[in-house]
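Structure record follows, encoded as structure tokens.
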Amino acid sequence: MKTRPRHRPADEIQDLQFFGEFGGVNPSISDSATYTFLRASTMTDTFAGETEGCYLYSRHSHPSGRYLATALARVENTPSALVTASGMGAITSTLLHHLSAGDHLVSARTVYGGTYAFMKNFLPKLGIRTTFVDITKPEKVEAAVEPNTKLIYTETVSNPLLEVADIPALAAVARKHRIPLVVDNTFTPLIFTPAELGADIVIHSLTKFINGMNDLVAGCVCGSRELIEGMLNVNDGAAMLLGPVLDSIRAAEILKNLHTLPVRMAKHSANAMYLAREMEKRGIPVRYPGLPSHPQHELFKRMMNPEFGFGGMLTLDLQTADKAARFMEELQAENVGYLAVSLGYFKTLFNAPGKGTSSEIPEEEQARMGLSDGLIRMSVGLDFDITRTLDKILRVYERVQSPEPV
Ligand code: PLP
């Protein structure tokens, strides 16, 4: 079990130093799809992946993507990383890199709806099966492993139920069966370093907290050099052949935003903690991993890098879809935030995932996992004065709880 962090992700970000071509404080953006070589033999070697610092073609890699990937590998403490055009591009290419017809994987049942839909509806077309399990019970994960199971997949903190995965326990199951543990750390960048806890592959949707501006879509895969080189292999690498390449300009933008991530994560967490505590005090059904009432609060504490808090995500249960709809519309009217999907923005975002981002999950399955129609997921923003935000939320909550005028 982890006692203190060996690796300090905020220091890794602070210490990044990539200069531009003319001494610029930011690295130059590579604006080319293809690259020239002085010697034909160097081109041949680059094709074989044997020349450091040479670029061939931007679907394979480009300098702006490399800078960002290097930075993310340092943050996640993995030997290497690659960046993709979306979080789904990272997830699908990682899964397709590891799985072939006849294979099987074990996944958490509460994962992002797109991930769930890919596993449930798309992978069977390729002859690949998924068993979905309650990830908070590692013994169920172990029981679901079959002889042809090729990987275990989870999110650190699940979307949208905020269940916390016991990464060291899952890593032990994965190691025992000699299969990789793949962890989507989108909800908790910096808060958890899954590779230090035993994960083999760490994925992010950079669209969310890491970029933090809701102006683009991107993803990354962090792991061993062998994995990243394999995924970029020109002959059979899933990232190379499926082509989810991140544009250079977008990669450069994300790298700049990464520099403020430690400050943003600490503030998202502090604001969410304040709201969750105050709402719970008033008897509002709130779920937040920073509250002792959260079923995996102690587990979260054992795994976390404490300087970043418990994250910016909380849920509220308004019991019915109607009340949830009214609550969100009124919150938006009060300018508490926006009724929108996605998360990790400077403004608070809220939606009801049962009928939205998790609608790919069948209703009976949603009921089994405790995902009610009235559940609201809130990504708490960077509000400077969060007490004012709380007042507005409490006012709206009271209005929604009182019977509608007839
Ligand atoms: N993983 C998680 C936890 C997500 O919430 C999302 C999107 O909401 C994704 C992956 C997919 O990322 P993207 O939308 O960047 O493709």
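Numbers at a glance
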item	result
Gain in span if fully extended, Phe346 to Phe47, counting 0.36 nm per residue against the direct Cα distance	103.4 nm
Cα-centre dipole for segment 251-405 with unit charges at Cβ (Lys and Arg positive, Asp and Glu negative), debye to 20	500
Cross-link table Lys137/Lys208; Lys140/Lys176; Lys281/Lys392, entries beyond 19 Å C-alpha to C-alpha	Lys137/Lys208
Kirkwood-based shape ratio for the chain, expressed as Rg/Rh from alpha carbons	0.98
Percentage relative contact order, the chain, counting C-alpha pairs under 8 Å, at least six apart	17
Protection-proxy order for peptides 221-231, 381-391, each taking the mean of Cβ atoms within 10 Å per residue, highest first	221-231, 381-391
Beta bridge orientation in segment 262-401: antiparallel %, DSSP, nearest 5	75
Segments 362-375, 205-218, 241-254 sorted - mean Cβ within 10 Å per residue, highest first	205-218, 241-254, 362-375
Contact order relative to length of segment 262-401, as percent, for alpha carbon pairs under 8 angstrom and 6 or more apart	28
Only Lys, Arg (+1) and Asp, Glu (-1) charged, at Cβ; the chain dipole about Cα centre in debye	500
Quarter of Cα convex hull surface for segment 62-218, i.e. mean projection, nm²	8.8
With eigenvalues of the C-alpha gyration tensor scaled by 5 and rooted, segment 262-401, Å	22, 19, 14
Mean residue ellipticity (222 nm) of the chain, computed from DSSP H runs ≥ 4 via -39,500 (n - 2.57), nearest 500	-10500 deg cm²/dmol
Protection-proxy order for peptides 297-307, 18-28, each taking the mean of Cβ atoms within 10 Å per residue, highest first	297-307, 18-28
Beta bridge orientation in the chain: antiparallel %, DSSP, nearest 5	50
Between segment 324-345 and segment 1-72, the Cα center-to-center distance that results, in Å	39
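Just so you know, all these numbers are worked out from the coordinates, no wet-lab data involved. Computed from a predicted structure; not experimentally measured. Cβ atoms come from the backbone with ideal geometry, glycine included; neighbour counts cover every protein chain shown.
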